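Heads up: the structure comes next, in structure tokens.
The values are calculated or read from the model by the stated rules, or taken from the named source; none is laboratory data. Everything numeric in this text was worked out from a predicted model, so none of it was measured. So basically every Cβ, Gly included, is an ideal-geometry build from the backbone, and we count neighbours across all protein chains shown.
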């Protein structure tokens, strides 16, 4: 599965409004509900699943990036939302720096391999400091979509 399929255009937020972790997760889950990727009645439970995962250890991996993820029966396969914050988000990242790029993943409980494959692809992608810098400076959603497509082309199949 390609990253641009997981992070569909309709689930990309160019300018996140939130500056705190719980609010950012809520904003992104609300976007997934708004786009129809998750049922509106499941948003609070999905948020709780993501926050329970955060209690195990921050998914703010450093260098301005966070990858909150959880499994939830409200979805099939793997879905995601991607958000960019110009101001930065207090995410309790491993390097104590603000987060500017948030890749949120939600997977069905039985989608173990697709979930791990999506995480592997993201980790490979996020090692590219130039790509992350371009994403942080992207002018709009179209530019973010284009950068994800370029990243997909460079990732192993």
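Please enumerate the residues belonging to segment 38-60 that are touching a helix residue (DSSP H, G or I) at 6+ places or on another chain (Cβ under 6 Å) and modelled with pLDDT of 95 or more.
38, 43, 46, 47, 50
Would you tally the residues in segment 38-90 being in contact (Cβ under 8 Å) with a residue 60 or more places away in the chain and at positive phi? If you could, list the steps in order and put the result at the bottom.
Filtering segment 38-90 down to residues in contact (Cβ under 8 Å) with a residue 60 or more places away in the chain leaves 38, 46, 61, 63-65, 77-90.
Subsequent filtering for residues that are at positive phi retains 63-64, 77, 88.
Count: 4.
For segment 50-84, which positions are closer than 15 Å to residue 119 by Cα and within 10 Å of the chain's Cα centre (by Cα)?
Across segment 50-84, the qualifying residues are 65, 66, 67, 68, 69, 79, 80, 81, 82.
Quick check on my filter: what residues within segment 129-155 are over 16 Å from the mean Cα position of the chain (by Cα), over 24 Å from residue 70 (Cα atoms) and modelled with pLDDT under 90?
129, 130, 150, 153, 154
Is segment 72-80 home to any residue that is closer than 14 Å to residue 132 by Cβ, touching a helix residue (DSSP H, G or I) at 6+ places or on another chain (Cβ under 8 Å) and in a strand (DSSP E or B)?
No, the conditions are met nowhere in segment 72-80.
Looking at (1) under 12 Å from the mean Cα position of the chain (by Cα); (2) buried (at least 18 other Cβ atoms within 10 Å of the Cβ), which is the only condition residue 8 fails?
(2)
Filter segment 17-36 for residues that are out of contact with any helix residue (DSSP H, G or I) (no Cβ under 6 Å at 6 or more places or on another chain), surrounded by 13 or more Cβ atoms within 10 Å (Cβ to Cβ) and in a loop (DSSP other than H, G, I, E, B) and give the result.
19
Can you find even one residue in segment 122-141 that is crowded, with 16+ Cβ neighbours inside 10 Å, outside any helix (DSSP H, G or I) and touching a helix residue (DSSP H, G or I) at 6+ places or on another chain (Cβ under 7 Å)?
Scanning segment 122-141, I find at least one residue that is crowded, with 16+ Cβ neighbours inside 10 Å, outside any helix (DSSP H, G or I) and touching a helix residue (DSSP H, G or I) at 6+ places or on another chain (Cβ under 7 Å), so the answer is yes.
Has segment 143-151 got at least one residue that is touching a residue at least 12 places away in the same chain (Cβ under 8 Å), within 21 Å of residue 1 (Cα to Cα), in a strand (DSSP E or B) and touching a strand residue (DSSP E or B) at 6+ places or on another chain (Cβ under 7 Å)?
Checked against the condition, which is being touching a residue at least 12 places away in the same chain (Cβ under 8 Å), within 21 Å of residue 1 (Cα to Cα), in a strand (DSSP E or B) and touching a strand residue (DSSP E or B) at 6+ places or on another chain (Cβ under 7 Å), segment 143-151 yields no hits at all.
Could you tell me how many of the residues in segment 106-116 are exposed (fewer than 15 other Cβ atoms within 10 Å of the Cβ) and touching a residue at least 24 places away in the same chain (Cβ under 8 Å)?
1
Those residues that are under 14 Å from the mean Cα position of the chain (by Cα) and either over 24 Å from residue 141 (Cα atoms) or in a loop (DSSP other than H, G, I, E, B) (or both), I need them from segment 85-110; list them, please.
91
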